[in-house]
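*Asks:* The structure under discussion is supplied below as structure tokens; questions concerning it will follow.
The values are calculated or read from the model by the stated rules, or taken from the named source; none is laboratory data. Keep in mind that this is a model prediction, so the values were computed, not measured. No Cβ is skipped: glycine too gets one built from the backbone with ideal geometry, and neighbour counts run over all protein chains shown. Note: accessible area is taken over every heavy atom of the protein model, side chains too, but ligands, DNA and RNA are not part of it. Shrake-Rupley method; radii C 1.70, N 1.55, O 1.52, S 1.80 Å.
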Amino acid sequence: MSLFEYVSVAIALIYALAVGRLLAGLAPSLDKNKRYPIHFAWVLALLLVCALQWWQLWRTREVDWNSIRFFWVLVLPSLIYLRATILLGAEPNEVKSYREHYFAHRVPFFVLGVLSALVIFLTPWLLGIIPWLQFDLLHIAASVLLLISLLGLIFKKPAVHALLVLFNFGLALGSILHIQPV
């Protein structure tokens, strides 16, 4: 096995935990007495992001791996797992209202979004995929995610949050067109 295969297995395990948490929270978040469409859309968005980020890992197959780079690439899936945990709560079945839960936990959720954007922004450079201060599409995506997360921190209005999750879906779907695992 190559180092890339070891790294990809470790990352896949963290994404699997995040996906498991998100899938386990689907039924409770759809309960008619407590569902909130914006919250549910974020659950779906994070599921999509897990799949896309795992697929994006293929870009790192030629990286000269060391322990620092290994730990660095574990950060983003860990942040996504934490975002899923915050979004659904420790016990999704015990949440009374996902609208109240979403707005009560929006600050840590979007702070982790800011951190995720910073990790995505730095990763191509830290892994040596592209030269320092050269930019690629991931930098644009990270900048959009940063903007979405900052706006989520600033605004409390549901209409703004509905737009933010739509922009997040647009960002994810747009990235599908540019991910090329060649």
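*Asks:* Please report, as a whole percent, how much of the solvent-accessible surface of the range 92-155 comes from carbon and sulfur atoms (probe radius 1.4 Å).
*Replies:* Working: 2440 of 3330 Å².
Here it works out to 73 percent.
*Asks:* Name the chymotrypsin sites (Phe, Trp or Tyr not before Pro) in the range 80-182 that are in a loop by DSSP and that have at most 16 other C-beta atoms within 10 Å, would you?
*Replies:* Qualifying residues, ordered by number: 132, 135, 155.
*Asks:* Next up: Are there trypsin sites (Lys or Arg not before Pro) in the range 1-35 that DSSP puts in a loop and that have at most 16 other Cβ atoms within 10 Å, and which ones?
*Replies:* Values: sites: 21, 32, 34, 35; in loops: 32, 34, 35.
Passing sites in the range 1-35 are 32, 35.
*Asks:* Moving to a separate point now. Near residue 157, which aspartates and glutamates are there with a Cα under 17 Å away, not counting those fewer than 8 places off in the same chain?
*Replies:* Cross-link targets: 100.
*Asks:* Okay, next question. From largest accessible area down, sort 150, 87; use a 1.4 Å probe on the protein chains.
*Replies:* So, going from the largest accessible area down, we get 150, 87.
*Asks:* To make sure I understand the rule: partners must be lysines, Cα under 16 Å from the Cα of residue 34, and not fewer than 8 residues away in the same chain. Which ones qualify?
*Replies:* Straight-line reach from residue 34, under 16 Å: 96.
*Asks:* Tell me, what is the 1.4 Å probe accessible area of residue 62, in Å² to the nearest 10?
*Replies:* In the full protein context, residue 62 sits at about 150 Å².
*Asks:* Taking the convex hull of the Cα atoms, report for the range 94-182 its projected area averaged over all directions, in nm².
*Replies:* Quarter of the Cα hull surface area: 7.2 nm².
*Asks:* So if each residue of separation counts as 0.36 nm, and I subtract the Cα-Cα distance between residue 62 and residue 176, what length gain in nm does that give?
*Replies:* Values: separation 114, 0.36 × 114 = 41.04 nm, distance 2.12 nm.
Full extension of this stretch gives 38.9 nm more.
*Asks:* Report, as a whole number in µm² per second, the diffusion coefficient that Stokes-Einstein gives for the chain at 4 °C and 1.567 mPa s using the Kirkwood radius over alpha carbon pairs.
*Replies:* Rounded, D is 77 µm²/s.
*Asks:* Quick one: accessible area per residue over the chain, 1.4 Å probe, rounded to a whole number of Å²?
*Replies:* Dividing the accessible area of the chain by its residue count gives 53 Å².
*Asks:* Something else: How large is the dipole of the range 66-182 about the Cα centre if only Lys and Arg carry +1 and Asp and Glu carry -1, each at its Cβ, rounded to the nearest 20 debye?
*Replies:* It works out to roughly 220 debye.
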